[in-house]
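Every read-out reported here was derived from the displayed coordinates using simple, explicitly stated rules and does not represent laboratory data. Keep in mind that this is a model prediction, so the values were computed, not measured. Glycine gets a Cβ as well: all are built from the backbone with ideal geometry, and neighbour counts include every protein chain shown.
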Amino acid sequence: MHQTRIFEINGLSAGVDEAGRGSLAGPVVASAVLLHPHSSIDGLADSKKLTEKRRNELAIIIKQQSLAWSVAWADSVEIDAINILCATMLAMRRAIIGLEITPARVLVDGNQLPNLNFNGVVMAGEAIIGGDDKVDAISAASIIAKTTRDLMMCKLDRVFPNYEFAKHKGYGTKIHRSRLQKFGPCREHRQTFAPVRAATE
């Protein structure tokens, strides 16, 4: 607790971002990262603008050098139950809760904030459009979320090889849609998404 109070006084911010919001299958994954204020990590950027190799390299560095990092997700069942926006906000909230150090505030990529009321105390937060390419902490969160989700989809590929999840990570590519039409959806598909529904009709 003493360490947490010190960092809150210093006013450190955690970056928060998600990966997989537009996918047709698999979880939506969120990460929260609290970077060290006295050391920088070269090459941080929106994860989508980095090569897979560079993302994986940076993910290792971020985990080693950050003050704290956390990753969490909402699975396809939750996405279908509460919709993708609410599931994304839930995953972000879970990632924030998972931080070992409580930040003074969170900076979230996008135009909406998750529920930041924790046991009656509302954490400060700011939503920043394009934040994953503007704020280092959000870039770091983007990289952790993306690399974590990619690994999860590669593991799902071994369970459901018909869909080639390792190649497209669940997004609506031509090959994914063709496999959906041929085999129908599996339990990891988001049943409420239009292309998935269409494959069952």
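Return the only residue of Gly184, Gly172, Gly125, Gly120 being on the phi > 0 side of the Ramachandran plot, over 13 Å from the mean Cα position of the chain (by Cα) and touching a residue at least 12 places away in the same chain (Cβ under 8 Å). That would be Gly184, the only listed residue that is on the phi > 0 side of the Ramachandran plot, over 13 Å from the mean Cα position of the chain (by Cα) and touching a residue at least 12 places away in the same chain (Cβ under 8 Å). Scanning the range 116-141 for residues that are part of a loop (DSSP other than H, G, I, E, B) and either surrounded by fewer than 14 Cβ atoms within 10 Å (Cβ to Cβ) or basic (Lys, Arg) (or both) yields Asn119, Gly120, Ile129, Gly130, Lys134.
Scanning the range 133-145 for residues that are touching a Gly at 6+ places or on another chain (Cβ under 9 Å) and either hydrophobic (A, V, I, L, M, F, W, C) or over 16 Å from Trp69 (Cα atoms) (or both) returns Val135, Ala137, Ile138, Ala140, Ala141, Ala145. Looking across the range 60-90, the residues that are more than 12 Å from Ser31 (Cα to Cα) and among the charged types (D, E, K, R) come down to Asp75, Glu78, Asp80. Restricting to the range 90-103, what's the tally of residues that are surrounded by fewer than 15 Cβ atoms within 10 Å (Cβ to Cβ) and assigned to a loop (DSSP other than H, G, I, E, B)? Here the count works out to 1. Which of the numbered conditions does Arg179 fail, given that it passes all the others? Conditions: (1) in contact (Cβ under 8 Å) with a residue 24 or more places away in the chain; (2) in contact with a helix residue (DSSP H, G or I) (Cβ under 8 Å, 6 or more places away or on another chain); (3) among the basic types (Lys, Arg). Here Arg179 meets the rest and fails (1). Part of a strand (DSSP E or B), in contact with a Phe, Trp or Tyr (Cβ under 6 Å, 6 or more places away or on another chain) and under 20 Å from His168 (Cβ atoms) - does that describe any residue in the range 29-46? So far as the range 29-46 goes, yes, one or more of its residues are part of a strand (DSSP E or B), in contact with a Phe, Trp or Tyr (Cβ under 6 Å, 6 or more places away or on another chain) and under 20 Å from His168 (Cβ atoms). Within the range 80-91, residues that are on the phi > 0 side of the Ramachandran plot sit with their Cβ atoms under 8 Å from residues that are surrounded by fewer than 19 Cβ atoms within 10 Å (Cβ to Cβ), at 6+ positions apart or across chains, in these pairs: Asn83/Thr192.
Residues that are hydrophobic (A, V, I, L, M, F, W, C), surrounded by fewer than 18 Cβ atoms within 10 Å (Cβ to Cβ) and closer than 12 Å to Ser23 by Cα within the range 142-201 comprise just one, Ala194.
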